[in-house]
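See below for the structure under consideration.
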Amino acid sequence: MSKKLLMLSVAVLFGIQASLAMAANPDTGPGCGLGKLLWADAKHQKNIAPQVLMATTNGTGMNTFAISSGTSGCTNDGQVMAEHKVTVFAAANFENLSQEMAQGRGEHLASLATLMGVPANHQDEFFAMTQDHYIALLREEGETSPVAMVTALKDAMATHPVLAKVSSPR
């Protein structure tokens with residue numbers, strides 16, 4: 001019985017989400033994304049059922065990626081503003097970054113350094129700084145979040161003897 005209730009709850013949740021999405025702009029349907037591609041051949045796309053299926057599929061979270069990367073029929077004419085690229089990357093890779101900062105090395109950490117404008121020949125200093133200040137960087141004023149981590153990283157880089165001179169925000 002509880003499995004049926006759970007399935008019904010999920011269906012209702014997706015139905016509400018789809019209804020809200022359609023109410024915002026009933027003429028265009030769910031727009032772009034994986035749902036739009038998967039259900040592109042459905043007859044009568046403006047009918048409720050195909051639009052609900054499209055919106056529900058897009059509700060899996062892949063639509064955010066499609067919009068930001070310009071894939072799955074979405075346009076990429078709206079860019080993530082430069083000052084938010086680091087935060088978006090940190091949010092998407094927070095667990096990996098946390099582990100790699102503790103180790104003082106890693107692919108995600110190297111990508112973060114690049115996004116933060118650290119030249120490749122100075123990334124070792126960045127890695128060492130993140131490892132040396134690991135606790136402080138991840139717990140900015142008691143808060144553990146990607147935004148707090150990025151803020152703490154920028155502050156630490158600004159006072160670092162080498163990184164303050166060589167890094168440039170992107």
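The values are calculated or read from the model by the stated rules, or taken from the named source; none is laboratory data. Since this is a predicted model, take the numbers as computed values, not measurements. Every residue, glycine among them, receives a Cβ derived from its backbone with ideal geometry; neighbour counts consider all protein chains shown.
Any residue that is touching a residue at least 24 places away in the same chain (Cβ under 8 Å) and touching a Phe, Trp or Tyr at 6+ places or on another chain (Cβ under 9 Å) - is there at least one of those in the range 118-138?
Yes, some residue in the range 118-138 is touching a residue at least 24 places away in the same chain (Cβ under 8 Å) and touching a Phe, Trp or Tyr at 6+ places or on another chain (Cβ under 9 Å).
Could you please let me know if residue 84 is in a helix (DSSP H, G or I), at pLDDT 90 or above and within 29 Å of residue 167 (Cα to Cα)?
Details: in a helix (DSSP H, G or I): yes; at pLDDT 90 or above: no; within 29 Å of residue 167 (Cα to Cα): yes.
When the stated conditions are applied, residue 84 does not pass them.
Evaluate the following for residue 56: is it crowded, with 16+ Cβ neighbours inside 10 Å and either within 23 Å of the chain's Cα centre (by Cα) or at pLDDT below 90 (or both)?
Yes: the conditions hold for residue 56.
So that you can scan it fast, the table gives a plain yes or no per residue for (1) small (Gly, Ala, Ser); (2) out of contact with any Ser or Thr (no Cβ under 7 Å at 6 or more places or on another chain); (3) modelled with pLDDT of 90 or more:
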site: 71; (1), (2), (3): no, yes, no
site: 75; (1), (2), (3): no, yes, no
site: 88; (1), (2), (3): no, yes, no
site: 117; (1), (2), (3): yes, no, yes
site: 140; (1), (2), (3): no, no, no
site: 146; (1), (2), (3): no, no, no
site: 152; (1), (2), (3): yes, yes, yes
site: 159; (1), (2), (3): no, yes, yes
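What are the residues in the range 94-126 that are crowded, with 19+ Cβ neighbours inside 10 Å and not in a helix (DSSP H, G or I), if any?
Matches in the range 94-126: 116, 118.
Consider only pairs whose beta carbons are under 6 Å apart and that are at least six residues apart or on different chains; among these, list those whose first residue lies in the range 146-161 and is without any contact (Cβ under 8 Å) to a residue 12 or more places away in the chain and assigned by TED's automatic domain parsing to the domain that holds residue 109 and whose second residue is assigned to a helix (DSSP H, G or I) and surrounded by fewer than 17 Cβ atoms within 10 Å (Cβ to Cβ).
158/164
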